[in-house]
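Undergrad: Before we start, here is the structure in question, set down as C-alpha coordinates.
The values are calculated or read from the model by the stated rules, or taken from the named source; none is laboratory data. Note that the structure is predicted; figures quoted are calculated from it, not measured. Note that we place each Cβ from the backbone using ideal geometry, even for glycine, and neighbour counts take in every protein chain shown.
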(Lines give C-alpha, C1' and ligand atoms only; values in the text may rest on other atoms or scores of the structure.)
Protein backbone atom coordinates (compact mmCIF):
# COMPACT_ATOMS: atom_id res chain seq x y z
CA UNK A 1 0.00 0.00 0.00
CA UNK A 2 1.06 3.54 -0.72
CA UNK A 3 2.31 5.42 2.33
CA UNK A 4 3.31 9.04 2.79
CA UNK A 5 4.48 10.83 5.90
CA UNK A 6 5.65 14.24 6.96
CA UNK A 7 5.12 17.14 9.34
CA UNK A 8 2.27 19.60 9.74
CA UNK A 9 2.37 23.01 11.42
CA UNK A 10 -0.12 23.16 14.31
CA UNK A 11 -0.54 25.53 17.25
CA UNK A 12 2.60 25.06 19.36
CA UNK A 13 4.83 23.24 16.88
CA UNK A 14 4.85 20.50 14.25
CA UNK A 15 3.15 17.12 14.35
CA UNK A 16 4.19 14.03 12.42
CA UNK A 17 1.66 12.11 10.35
CA UNK A 18 1.50 8.92 8.31
CA UNK A 19 -1.04 8.40 5.53
CA UNK A 20 -1.60 4.76 4.56
CA UNK A 21 -3.43 3.76 1.38
CA UNK A 22 -5.03 5.89 -1.33
CA UNK A 23 -8.35 4.18 -2.01
CA UNK A 24 -11.31 6.16 -3.27
CA UNK A 25 -13.49 5.69 -0.20
CA UNK A 26 -13.79 8.45 2.41
CA UNK A 27 -10.56 8.77 4.43
CA UNK A 28 -10.34 7.82 8.10
CA UNK A 29 -8.36 9.88 10.63
CA UNK A 30 -7.32 8.11 13.84
CA UNK A 31 -6.94 9.91 17.18
CA UNK A 32 -4.67 8.04 19.56
CA UNK A 33 -5.14 7.69 23.29
CA UNK A 34 -3.09 9.06 26.12
CA UNK A 35 -2.83 11.95 26.34
CA UNK A 36 0.87 11.87 25.51
CA UNK A 37 0.90 8.43 23.88
CA UNK A 38 1.59 7.64 20.22
CA UNK A 39 -0.11 6.39 17.08
CA UNK A 40 2.03 3.25 16.73
CA UNK A 41 -0.16 0.54 18.33
CA UNK A 42 -3.25 1.72 16.43
CA UNK A 43 -1.35 1.75 13.16
CA UNK A 44 -0.07 -1.76 13.85
CA UNK A 45 -3.68 -2.99 13.83
CA UNK A 46 -5.56 -0.58 11.58
CA UNK A 47 -3.16 0.00 8.69
CA UNK A 48 -5.03 -2.76 6.82
CA UNK A 49 -7.98 -0.41 6.44
CA UNK A 50 -5.75 1.39 3.95
CA UNK A 51 -6.78 -1.27 1.44
CA UNK A 52 -10.10 0.59 1.09
CA UNK A 53 -9.30 4.22 1.86
CA UNK A 54 -6.61 6.56 3.12
CA UNK A 55 -6.03 6.10 6.84
CA UNK A 56 -4.29 8.98 8.58
CA UNK A 57 -2.40 8.45 11.83
CA UNK A 58 -0.60 11.24 13.64
CA UNK A 59 1.31 11.75 16.86
CA UNK A 60 -0.27 14.56 18.82
CA UNK A 61 2.04 17.41 19.79
CA UNK A 62 4.42 16.48 22.58
CA UNK A 63 4.66 12.78 21.83
CA UNK A 64 6.06 10.22 19.43
CA UNK A 65 7.69 11.67 16.33
CA UNK A 66 6.13 15.11 16.81
CA UNK A 67 7.73 18.18 18.37
CA UNK A 68 8.06 18.02 22.16
CA UNK A 69 7.73 21.58 23.50
CA UNK A 70 8.04 22.03 27.25
CA UNK A 71 5.37 24.71 27.66
CA UNK A 72 2.77 23.01 29.88
CA UNK A 73 0.11 25.56 28.87
CA UNK A 74 -0.13 23.71 25.53
CA UNK A 75 -1.55 20.62 27.17
CA UNK A 76 -5.26 21.41 27.13
CA UNK A 77 -8.17 19.98 25.19
CA UNK A 78 -8.87 23.20 23.28
CA UNK A 79 -5.40 23.25 21.73
CA UNK A 80 -5.65 19.60 20.68
CA UNK A 81 -8.98 20.43 19.02
CA UNK A 82 -7.25 23.22 17.07
CA UNK A 83 -4.50 20.75 16.20
CA UNK A 84 -7.01 18.31 14.71
CA UNK A 85 -8.51 21.11 12.62
CA UNK A 86 -5.01 22.00 11.37
CA UNK A 87 -4.27 18.40 10.39
CA UNK A 88 -7.54 18.10 8.45
CA UNK A 89 -6.89 21.35 6.62
CA UNK A 90 -3.27 20.52 5.77
CA UNK A 91 -4.20 17.13 4.33
CA UNK A 92 -7.30 18.38 2.46
CA UNK A 93 -9.60 16.08 4.39
CA UNK A 94 -12.80 17.81 3.31
CA UNK A 95 -14.76 14.63 4.01
CA UNK A 96 -13.54 12.24 6.67
CA UNK A 97 -14.46 9.55 9.15
CA UNK A 98 -12.99 9.85 12.66
CA UNK A 99 -11.94 7.07 15.02
CA UNK A 100 -10.86 8.12 18.50
CA UNK A 101 -9.52 5.74 21.12
CA UNK A 102 -9.68 6.43 24.88
CA UNK A 103 -8.47 10.05 25.32
CA UNK A 104 -9.00 10.29 21.57
CA UNK A 105 -12.75 9.97 22.21
CA UNK A 106 -12.61 13.01 24.51
CA UNK A 107 -10.81 14.92 21.78
CA UNK A 108 -13.30 13.74 19.15
CA UNK A 109 -16.32 14.71 21.25
CA UNK A 110 -14.92 18.18 21.97
CA UNK A 111 -14.06 18.64 18.30
CA UNK A 112 -17.49 17.60 17.04
CA UNK A 113 -19.59 19.37 19.63
CA UNK A 114 -17.60 22.56 20.20
CA UNK A 115 -16.59 23.34 16.61
CA UNK A 116 -19.43 21.73 14.60
CA UNK A 117 -17.01 20.86 11.75
CA UNK A 118 -18.29 20.25 8.24
CA UNK A 119 -17.57 17.08 6.31
CA UNK A 120 -17.33 14.53 9.14
CA UNK A 121 -19.19 11.48 7.82
CA UNK A 122 -19.09 9.34 10.98
CA UNK A 123 -17.47 8.91 14.37
CA UNK A 124 -16.20 5.80 16.16
CA UNK A 125 -15.74 6.06 19.92
CA UNK A 126 -13.33 3.26 20.84
CA UNK A 127 -13.14 2.47 24.58
CA UNK A 128 -14.54 5.90 25.38
CA UNK A 129 -14.04 8.23 28.29
CA UNK A 130 -16.69 10.92 27.98
CA UNK A 131 -17.12 11.57 31.69
CA UNK A 132 -14.06 11.51 33.94
CA UNK A 133 -16.30 11.16 37.00
CA UNK A 134 -17.93 8.05 35.56
CA UNK A 135 -14.53 6.69 34.50
CA UNK A 136 -13.25 7.10 38.08
CA UNK A 137 -16.36 5.43 39.49
CA UNK A 138 -15.83 2.44 37.19
CA UNK A 139 -12.12 2.31 38.05
CA UNK A 140 -12.88 2.29 41.78
CA UNK A 141 -15.21 -0.66 41.26
CA UNK A 142 -12.55 -2.54 39.28
CA UNK A 143 -9.89 -1.79 41.90
CA UNK A 144 -12.21 -3.17 44.58
CA UNK A 145 -11.94 -6.55 42.83
CA UNK A 146 -8.13 -6.62 42.96
CA UNK A 147 -6.23 -8.47 45.71
CA UNK A 148 -6.49 -6.67 49.06
CA UNK A 149 -2.76 -5.95 49.21
CA UNK A 150 -2.86 -4.29 45.78
CA UNK A 151 -5.84 -2.15 46.82
CA UNK A 152 -4.02 -1.03 49.97
CA UNK A 153 -0.89 -0.16 48.00
CA UNK A 154 -2.85 2.00 45.56
CA UNK A 155 -4.73 3.77 48.35
CA UNK A 156 -1.61 4.38 50.44
CA UNK A 157 0.53 5.88 47.68
CA UNK A 158 -2.26 8.04 46.28
CA UNK A 159 -2.89 9.43 49.75
CA UNK A 160 0.82 10.03 50.34
CA UNK A 161 1.50 11.47 46.89
CA UNK A 162 4.12 8.79 46.21
CA UNK A 163 2.65 7.41 43.00
CA UNK A 164 6.14 7.41 41.48
CA UNK A 165 7.15 4.55 43.82
CA UNK A 166 7.91 1.06 42.54
CA UNK A 167 5.14 -0.36 44.73
CA UNK A 168 2.52 1.85 43.11
CA UNK A 169 3.85 1.10 39.64
CA UNK A 170 3.65 -2.64 40.36
CA UNK A 171 0.06 -2.23 41.57
CA UNK A 172 -0.72 -0.35 38.37
CA UNK A 173 0.56 -3.31 36.35
CA UNK A 174 -1.88 -5.61 38.15
CA UNK A 175 -4.77 -3.37 37.09
CA UNK A 176 -3.43 -2.85 33.58
CA UNK A 177 -2.97 -6.59 32.94
CA UNK A 178 -6.68 -7.09 33.65
CA UNK A 179 -8.29 -3.98 32.19
CA UNK A 180 -5.89 -2.31 29.72
CA UNK A 181 -4.25 -5.17 27.81
CA UNK A 182 -4.79 -8.82 28.69
CA UNK A 183 -2.19 -10.14 26.27
CA UNK A 184 0.82 -11.82 27.89
CA UNK A 185 3.48 -11.09 26.90
CA UNK A 186 2.60 -7.51 26.04
CA UNK A 187 2.86 -6.88 22.28
CA UNK A 188 6.26 -5.52 21.28
CA UNK A 189 4.62 -2.47 19.70
CA UNK A 190 3.32 -1.45 23.14
CA UNK A 191 6.75 -1.64 24.73
CA UNK A 192 8.31 0.30 21.85
CA UNK A 193 5.64 3.00 21.78
CA UNK A 194 5.85 3.65 25.51
CA UNK A 195 9.45 4.76 25.06
CA UNK A 196 8.16 7.53 22.77
CA UNK A 197 5.34 8.66 25.04
CA UNK A 198 5.41 11.88 27.08
CA UNK A 199 4.61 11.43 30.76
CA UNK A 200 4.53 15.19 31.32
CA UNK A 201 1.55 15.56 28.97
CA UNK A 202 -0.17 12.60 30.62
CA UNK A 203 0.40 13.93 34.14
CA UNK A 204 -0.71 17.46 33.24
CA UNK A 205 -3.92 16.36 31.58
CA UNK A 206 -4.81 13.08 33.29
CA UNK A 207 -2.73 11.97 36.28
CA UNK A 208 -0.34 9.33 37.66
CA UNK A 209 -2.33 6.33 36.46
CA UNK A 210 -5.34 5.29 34.41
CA UNK A 211 -7.45 5.14 37.56
CA UNK A 212 -6.36 8.39 39.22
CA UNK A 213 -7.48 11.49 37.28
CA UNK A 214 -5.89 14.55 38.88
CA UNK A 215 -5.07 16.66 35.80
CA UNK A 216 -7.08 19.19 33.85
CA UNK A 217 -9.31 16.47 32.38
CA UNK A 218 -10.63 15.42 35.79
CA UNK A 219 -13.78 17.53 35.32
CA UNK A 220 -14.32 16.52 31.67
CA UNK A 221 -17.95 15.56 31.09
CA UNK A 222 -19.62 15.74 27.70
CA UNK A 223 -22.56 13.49 28.54
CA UNK A 224 -25.02 16.43 28.65
CA UNK A 225 -23.98 17.36 25.09
CA UNK A 226 -23.79 13.99 23.35
CA UNK A 227 -27.28 14.38 21.91
CA UNK A 228 -25.83 17.12 19.71
CA UNK A 229 -23.93 14.51 17.67
CA UNK A 230 -26.04 13.96 14.55
CA UNK A 231 -23.79 11.78 12.38
CA UNK A 232 -23.57 7.96 12.26
CA UNK A 233 -21.83 6.86 15.46
CA UNK A 234 -20.36 3.60 16.71
CA UNK A 235 -19.26 2.84 20.27
CA UNK A 236 -16.95 -0.11 20.92
CA UNK A 237 -15.20 -1.49 23.99
CA UNK A 238 -13.98 -4.75 25.50
CA UNK A 239 -15.87 -6.91 27.98
CA UNK A 240 -13.05 -6.39 30.54
CA UNK A 241 -12.35 -2.79 29.54
CA UNK A 242 -11.58 -0.02 32.01
CA UNK A 243 -14.00 1.83 29.73
CA UNK A 244 -16.73 -0.30 31.24
CA UNK A 245 -19.31 -1.83 28.88
CA UNK A 246 -22.13 -0.41 31.02
CA UNK A 247 -20.76 3.12 30.72
CA UNK A 248 -20.03 2.72 27.02
CA UNK A 249 -23.65 1.59 26.50
CA UNK A 250 -24.80 4.62 28.48
CA UNK A 251 -22.86 6.97 26.22
CA UNK A 252 -24.28 5.18 23.19
CA UNK A 253 -27.80 5.69 24.52
CA UNK A 254 -27.25 9.46 24.55
CA UNK A 255 -26.28 9.72 20.86
CA UNK A 256 -29.28 9.44 18.51
CA UNK A 257 -29.12 6.27 16.40
CA UNK A 258 -25.69 5.22 17.68
CA UNK A 259 -24.58 1.58 17.51
CA UNK A 260 -22.65 -0.48 20.09
CA UNK A 261 -20.27 -3.44 19.84
CA UNK A 262 -18.53 -5.21 22.72
CA UNK A 263 -15.48 -7.39 22.09
CA UNK A 264 -15.94 -10.36 24.39
CA UNK A 265 -12.26 -11.29 24.79
CA UNK A 266 -10.74 -7.81 25.13
CA UNK A 267 -10.03 -5.14 27.66
CA UNK A 268 -8.98 -1.60 26.66
CA UNK A 269 -6.89 -2.44 23.59
CA UNK A 270 -9.37 -4.47 21.59
CA UNK A 271 -7.64 -3.48 18.39
CA UNK A 272 -4.60 -5.50 19.54
CA UNK A 273 -6.38 -8.15 21.61
CA UNK A 274 -8.92 -9.10 18.90
CA UNK A 275 -7.47 -7.42 15.84
CA UNK A 276 -9.37 -9.30 13.13
CA UNK A 277 -12.75 -8.81 14.79
CA UNK A 278 -12.00 -5.16 15.58
CA UNK A 279 -10.99 -4.41 11.99
CA UNK A 280 -14.09 -6.16 10.65
CA UNK A 281 -16.45 -4.20 12.91
CA UNK A 282 -14.82 -0.90 11.97
CA UNK A 283 -14.65 -1.74 8.25
CA UNK A 284 -18.28 -2.87 8.11
CA UNK A 285 -19.43 0.31 9.87
CA UNK A 286 -17.44 2.60 7.57
CA UNK A 287 -18.63 0.82 4.45
CA UNK A 288 -22.26 1.03 5.59
CA UNK A 289 -21.91 4.77 6.08
CA UNK A 290 -20.13 5.21 2.74
CA UNK A 291 -23.03 3.46 0.99
CA UNK A 292 -25.62 5.91 2.31
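Undergrad: Can you find a residue that is touching a residue at least 40 places away in the same chain (Cβ under 8 Å), closer than 21 Å to residue 127 by Cα and in contact with a strand residue (DSSP E or B) (Cβ under 8 Å, 6 or more places away or on another chain) anywhere in region 64-82?
TA: Checked against the condition, which is being touching a residue at least 40 places away in the same chain (Cβ under 8 Å), closer than 21 Å to residue 127 by Cα and in contact with a strand residue (DSSP E or B) (Cβ under 8 Å, 6 or more places away or on another chain), region 64-82 yields no hits at all.
Undergrad: Across region 152-166, which residue is modelled with the lowest pLDDT among those that are in contact with a helix residue (DSSP H, G or I) (Cβ under 6 Å, 6 or more places away or on another chain) and surrounded by 15 or more Cβ atoms within 10 Å (Cβ to Cβ)?
TA: Across region 152-166, the extreme among qualifying residues is 163.
Undergrad: Are any residues in region 60-98 on the phi < 0 side of the Ramachandran plot, crowded, with 18+ Cβ neighbours inside 10 Å and in contact with a helix residue (DSSP H, G or I) (Cβ under 7 Å, 6 or more places away or on another chain), and if so, which ones?
TA: Within region 60-98, 60, 61, 63, 75, 77, 80, 81, 84, 96, 97, 98 qualify.
Undergrad: Restricting to region 8-51, what's the tally of residues that are in a strand (DSSP E or B) and within 24 Å of residue 77 (Cβ to Cβ)?
TA: 14
Undergrad: Then there is this: Look at residue 117 and say whether it is out of contact with any strand residue (DSSP E or B) (no Cβ under 8 Å at 6 or more places or on another chain), outside any helix (DSSP H, G or I), surrounded by 14 or more Cβ atoms within 10 Å (Cβ to Cβ) and at pLDDT 95 or above.
TA: So residue 117 passes the test.
Undergrad: May I ask you to list the residues in region 167-187 that are under 26 Å from the mean Cα position of the chain (by Cα) and in a helix (DSSP H, G or I)?
TA: 168, 169, 170, 171, 172, 173, 174, 175, 176, 177, 178, 179 - these are the residues of region 167-187 that are under 26 Å from the mean Cα position of the chain (by Cα) and in a helix (DSSP H, G or I).
Undergrad: Return yes or no: is residue 218 in a loop (DSSP other than H, G, I, E, B), surrounded by fewer than 17 Cβ atoms within 10 Å (Cβ to Cβ) and at pLDDT 95 or above?
TA: yes
Undergrad: Which condition breaks for residue 170 when tested against (1) free of Cβ contacts under 8 Å to residues at least 40 places away in the same chain; (2) touching a helix residue (DSSP H, G or I) at 6+ places or on another chain (Cβ under 6 Å)?
TA: The failed condition is (2).
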